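For reference, the structure is listed below as structure tokens.
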Amino acid sequence: MSSLTTSQAWIALQAHYNQTQNDSLRVAFANDPERYNKFSLHLNDILFDYSKNRINDQSIPLLVDLANYTGLPAKIEAMFTGEPINTTEKRAVLHTALRNRDNHPIYVDGIDVMPGINQVLDKMRHFCNAVRTGEWKGYTGKRITDVVNIGIGGSGLGPKMVSMTLTPYGSDNLLVHYVSNVDQTNIVEELKGLSPETTLFIIASKLFSTQETMINANSARNWFLDSAKDTSAIAKHFVAISTHTENVAKFGIDTENMFEFWDWVGGRYSLWSAVGLSIALYIGMDNFEELLQGAYEADLHFRNTPLEKNIPALMGLLGIWYNNFFEARSYVLLPYDQSMRYFADYFQQGDMESNGKSVDLNGDKVDYSTGQIVWGQPGTNGQHAFFQLMHQGTQLVPCDFLAAANSHYRLPEHHDVLISNFLAQPEALMRGKTEEEVKQALTHEEQHDAVLVASKVFDGNRPSNSFLFEKMTPKTLGTLLAFYEHKIFVQGVVWNINSFDQMGVELGKILANAILPELKNDAVIKSHDCSTNALINAYKKLRQP
Ligand code: F6P
């Protein structure tokens, strides 16, 4: 058995779980009018209410004991100070340096990374100003009207999620588009209606060798050259974001038009780097820096606040409580904000690629459950899709509800209705509805219909966190994103896994590369298992020349 599950801290939590697992949240609220005050925190305009969790006064100290047992405070310092905590790849993990707004030196291998970061931010600012003012012209002298970011995973989803969330700050004269999927439908549909004369492509890829991105980039170049004819025009319409100068040059993009980032920025943590260029072009560099500022303030909070009052630490520890003791295998992200429609998708990669691991830092198989399944979609849509299971299904699904007190728009009625749902759902999940309450709402005859009564009972006791903030601004979004990043980190530390590699995505890539040449001819394929062979051969029969 691992040292984690045999530790005093873990055993104490297990005993606490055994004692409290059936305690009722409804009763806890009835007995303690101070419960909200005890279990809620603020950072700037963000209110974090975690009082609707299955915890009592002993729970947080016990979870904090576990965090201390695993050395969390020292590991937080190790991350912020550039120690090589990505042990398999022997790298520092320094997305926090990208938003280090007080600019204090941070060293990797004895070299301060801040001057390089500031240089790239300056280059982004100049470029954004030139494009947004129209000083930067396309090959026929027209200003740029559309930016197409080509990149996948962190190089696509991050900028897309932020740009879509911050649409109210976006330029009306410069639209952004995102292409990630190698399925040609993605690029064909995004390029529909765009003009090569006024389109700027950003090719974003850490290594500049990701298959999907390179194929999309080639198709974009062909689409562009079909009109421009002249390869010298590429310089006005293609820029690269990468850590890999050689591969950028090989692709044919002038390295003058390259925005650099570094191997200590993980792909799924990269939107704070030049990977955020499409965001900065769309919302302006000042707003992009506000996003960085919001994240920086979350970083300060995470680094300097005792664990029992530390929002990301509590988010992570509550996740451990449900995953490892209540055996809740997923959690759901529920922004009551249509602009945050890619938030759950983004943290699906952020969390599952980071913590979907089954060996610990010593390479030993873990004997406890690690990364949870992350899913979700904006409220209120989700209410008409999967909330039934959350209220009455057999699975316990901890939820995070997020909402802004003010919309950017001004239609009557909508916002109060939205917020009434944002408030009611956690209440309903927590309270449930007893048999007695069900019967009170039924006719005398219905009260004797046992099946009807049983179907209408809600057990309740279903936990949630609520985040309420003043308005969705770049700064608020930056803070929220950093909270979730650090929550993932906290859990990785407790589980003693490396949250910063992603070896699990390799095998599929290698096998796809082996299959690709087999699709190039009509020969019958026999080199795989009989299922894969049959599927390959069926594809070859079905495809049209
Ligand atoms: O899914 C694997 C992965 O490496 C992600 O971590 C990353 O965000 C994505 O692929 C894209 O990688 P790159 O930026 O190197 O193209």
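Read-outs: derived from the displayed coordinates by stated rules, not from any lab. Since this is a predicted model, take the numbers as computed values, not measurements. Methodologically, a virtual Cβ is constructed for each residue, glycine included, from the backbone with ideal geometry; neighbour enumeration extends over all protein chains shown.
The Rg/Rh ratio for segment 79-191, using Cα coordinates for both the radius of gyration and the Kirkwood hydrodynamic radius, is 1.05.
Each principal axis of the Cα cloud of segment 491-541 was evaluated for its coordinate range; sorted largest first, these ranges are 51, 19, 15 Å. Shown is the FRET efficiency for Asp254 and Lys365, computed with R0 = 56 Å from the Cβ-Cβ distance and rounded to the nearest 0.05: 0.70.
Net length available on complete extension from Gln119 to Ser171 is 16.3 nm, with 0.36 nm assigned per residue and the Cα-Cα distance removed. For Ile215 and Phe326, the FRET efficiency from 1/(1 + (r/R0)^6), where r spans their Cβ atoms and R0 equals 51 Å, is about 0.70.
Kirkwood analysis of segment 95-288, using all unique Cα-Cα pairs, places the hydrodynamic radius at 16.7 Å. Apply 1/(1 + (r/R0)^6) to the Cβ-Cβ distance of Asn56 and Asp286, taking R0 = 51 Å, and write down the FRET efficiency to the nearest 0.05. Plugging the Cβ-Cβ distance into 1/(1 + (r/R0)^6) gives 0.65.
Taking only the alpha carbons of the chain, we obtain Rg and Dmax values of 25.5, 83 Å in that order.
Give the separation of the Cα centroids, segment 28-73 to segment 506-545, in Å. Their Cα centres are 53 Å away from one another. Descending by average beta-carbon neighbour count within 10 Å, the peptides 46-59, 351-364 line up as 46-59, 351-364, the highest first.
Between Asn18 and Thr5, residue separation times 0.36 nm minus the direct Cα-Cα distance comes to 3.2 nm. Site pair Arg303 and Arg543 shows an inter-label distance of 5.2 nm when each label is modelled 7 Å from Cα along Cα→Cβ. Among 471-477, 397-403, 524-530, the peptide with the highest mean count of other Cβ atoms within 10 Å heads the list, and the full ranking is 397-403, 471-477, 524-530. Between Lys192 and Asp102, the simple spin-label model (points 7 angstrom out along Cα→Cβ) gives 5.1 nm.
Look at the dipole of segment 218-264 built from charges on Cβ: of Thr231, Phe251, Phe261, the Cα furthest out on the positive end belongs to Thr231. Beta bridges from DSSP with both residues in the chain: antiparallel share about 30 percent, rounded to the nearest 5. Summarising the amide proton neighbourhood of Val108: residues at separation of 5 or more, or on other chains, whose placed amide H is nearer than 5 Å comprise Val113.
Considering only Val438, Tyr368, Tyr50, and ranking their Cα positions along the charge dipole of the chain that arises from unit charges at the beta-carbon of Lys, Arg, Asp and Glu, the one farthest toward the positive end is Tyr368. Relative to the Cα centre, the charge distribution of the chain, modelled as +1 at Lys and Arg Cβ and -1 at Asp and Glu Cβ, gives a dipole magnitude of about 1000 debye. A full extension of the chain between Thr88 and Ala514 corresponds to an added length of 150.8 nm, given 0.36 nm per residue minus the alpha carbon distance.
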